[in-house]
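The block underneath contains the structure these notes are about, expressed in structure tokens.
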Amino acid sequence: MGIEQQEYRQRQRELMSKIGRGTAIFRSAPLATMHNDVEYTYRQESSFYYLTGFNEPEAVAVFAPHHEEHHYILFVQPKDPEQETWTGYRCGVEAAKEIYGADEAYPIAELNEKLPQYLVNSDRIYYHLGKDEKFNQTIIAHWQRLMQGYQKLGTAPLALEDTRPLTFAMRLVKSPGEIALMRQAAKISAMAHNRAREFAQPGVYEYQVQAEIEHVFRKEGAIGIAYPSIVASGANACILHYIENNRQMQDNELLLVDAGCSYGYYNGDITRTFPVGGKFTPEQKALYEIVLEAQLKAIEEVQPGKPYNEFHDLAVCVIVQGLLDLGLLQGDLTEIIQEEKYKPFYMHRTGHWLGLDVHDVGLYKHDADTWQNLTPGHIVTVEPGIYISPNIKPAEGQPEIAEQWKGIGIRIEDDLLVTSNGHEVLTSDVPKSIADMEN
Ligand code: GLY
Ligand code: MN
Ligand code: MN
């Protein structure tokens, strides 16, 4: 399973059909230092990977459809047997052509010398000014030098344009090959969640549950975690990105597990919340029912042609009505929503695009008033929650929260593929009914 070279060619063609006489430049991700001379496992920048399938640092991909000889050019680290003994295998310049299909490839050290020929006759440079300031300056310096020749030559790239409108649109709609990888990421993530629920019990530490989860990820062939696993017991569940995972779990509390794997660079993202000791308290159960209803109703809204915001708006409605019914909010539903008085309980949105990035690229809105419509091939998470932090500050005019509600945090999250006639829940292997969460 994976993306065939042919599909990369197709993506490159699509990109080039959009840039006309422009030249697009993509920069690889840097190596990240863990400490001193030890580096984290390398992870390519997602759009670079999407367009090339090339997974090495110190690389630049150039697309120049107007160029007479070369349309796709890779600059890579050359082969260096001595260096590779220490730092691992490099593909090298020749294989960049043979394996990755570049029309031409050069050692990265020749970038400044070779790049201008691919820019001089283009009408604009497509480049995303990223975090690598030094490389940004390299590209700007090339652009300025070419502009100096404009008067004499009558041609130069007159504009610098961001690549994101190009890559966002392409990456948002997943191909059959990408969907297969997403299914596998979802399947392995689901297996890990099921193992976590079987393993968790009072007295166990959060990190031990984390270990069970991540064991499954690697054992099943995933690259590893899609994001730091959140294993949050008791009030820790009210901290949205809690990753310390060092607390011993107690009876009568909930455990919120938000974890997903990365499989072939594509990510799963699942959350389940269940009672550590196998039985919900009445307060936990009342809140869980609301979140589950919000999630199931929101999932129904994930349909092709529906604006992106609708499933969030519906989830908010169900949550606010539920909190009103429990007396945790007071007043008029519409007013509470308009004035965002529910936000002390529910402060995040109900989902996000999911793909090569966990919070994947793609527009949510086309302009201030127009949301993106859900379309077959989109993949979204649906993840409502209710969080009653021990320090919760109710909105103005809202009641104080009684102690028995405090320290409860619940989120339920699934990954959905939008299909031509509705949706498919990719993560349905993990149960979530009250009965399934209790034992
Ligand atoms: N795990 C990150 C998120 O759910 O968005
Ligand atoms: Mn998510
Ligand atoms: Mn998540």
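The values are calculated or read from the model by the stated rules, or taken from the named source; none is laboratory data. Source: prediction; values computed, not measured. Heads up, the Cβs are rebuilt from the backbone with ideal geometry, glycines too, and the neighbour counts pull from every protein chain shown.
Worth pointing out:
- Among the residues of the range 148-201, the ones that are under 25 Å from residue 225 (Cα atoms) and in contact (Cβ under 8 Å) with a residue 24 or more places away in the chain come to 30 in all.
- Which numbered condition residue 33 fails, given (1) β-branched (Val, Ile, Thr); (2) in contact (Cβ under 8 Å) with a residue 24 or more places away in the chain; (3) over 25 Å from residue 142 (Cβ atoms): (2)
- Taken over the range 282-305, the criterion of being assigned to a loop (DSSP other than H, G, I, E, B), surrounded by 17 or more Cβ atoms within 10 Å (Cβ to Cβ) and touching a residue at least 24 places away in the same chain (Cβ under 8 Å) is satisfied by 302 alone.
- Here the range 343-359 is the region considered, the condition is being within 9 Å of ligand 1 (Cβ to nearest atom) and either within 14 Å of the chain's Cα centre (by Cα) or of a type in the set (Gly, Ala, Ser) (or both), and the residue that is farthest from residue 314 (Cα to Cα) is 358.
- Candidates 386, 379, filtered to the one that is touching a residue at least 24 places away in the same chain (Cβ under 8 Å), within 16 Å of ligand 3 (Cβ to nearest atom), in contact with a Leu (Cβ under 6 Å, 6 or more places away or on another chain) and closer than 30 Å to residue 177 by Cα: 379
- The range 118-137: number of residues that are outside any loop (DSSP other than H, G, I, E, B) and either among the small types (Gly, Ala, Ser) or crowded, with 16+ Cβ neighbours inside 10 Å (or both): 7
- Count of residues meeting criterion [within 16 Å of ligand 2 (Cβ to nearest atom) and free of Cβ contacts under 8 Å to residues at least 60 places away in the same chain] in the range 330-350: 3
- The set of residues from the range 57-89 being part of a loop (DSSP other than H, G, I, E, B), touching a Lys or Arg at 6+ places or on another chain (Cβ under 7 Å) and crowded, with 19+ Cβ neighbours inside 10 Å comprises just one member, 77.
- Enumeration of residues in the range 242-256 that are within 16 Å of ligand 1 (Cβ to nearest atom) and either of a type in the set (Val, Ile, Thr) or part of a strand (DSSP E or B) (or both): 243, 255, 256
- Screening residue 320 with (1) surrounded by fewer than 22 Cβ atoms within 10 Å (Cβ to Cβ); (2) without any contact (Cβ under 8 Å) to a residue 24 or more places away in the chain gives one miss only, at (1).
- Residue count for the range 226-253, restricted to those that are within 16 Å of ligand 2 (Cβ to nearest atom) and either under 20 Å from residue 405 (Cβ atoms) or surrounded by fewer than 21 Cβ atoms within 10 Å (Cβ to Cβ) (or both): 9.
- Candidate set from the range 254-269 (those that are within 12 Å of the chain's Cα centre (by Cα) and surrounded by 24 or more Cβ atoms within 10 Å (Cβ to Cβ)); member that is nearest to ligand 2 (Cβ to nearest atom): 269
- Identity of the residue in the range 380-408, assigned to a strand (DSSP E or B) and within 13 Å of ligand 1 (Cβ to nearest atom), that ends up farthest from the chain's Cα centre (by Cα): 385
- Leading residue by the ranking (modelled with the lowest pLDDT) among those in the range 138-158 that are surrounded by 19 or more Cβ atoms within 10 Å (Cβ to Cβ) and outside any helix (DSSP H, G or I): 156
- Among the residues of the range 207-224, none qualifies, meaning not one is part of a loop (DSSP other than H, G, I, E, B) and out of contact with any strand residue (DSSP E or B) (no Cβ under 8 Å at 6 or more places or on another chain).
Residue by residue, here is whether (1) in a loop (DSSP other than H, G, I, E, B); (2) in contact with a Lys or Arg (Cβ under 8 Å, 6 or more places away or on another chain); (3) within 16 Å of ligand 1 (Cβ to nearest atom); (4) free of Cβ contacts under 8 Å to residues at least 12 places away in the same chain holds:
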| residue | (1), (2), (3), (4) |
| --- | --- |
| 227 | yes, no, yes, no |
| 236 | no, yes, yes, no |
| 240 | yes, no, yes, no |
| 258 | no, yes, yes, no |
| 262 | no, no, yes, no |
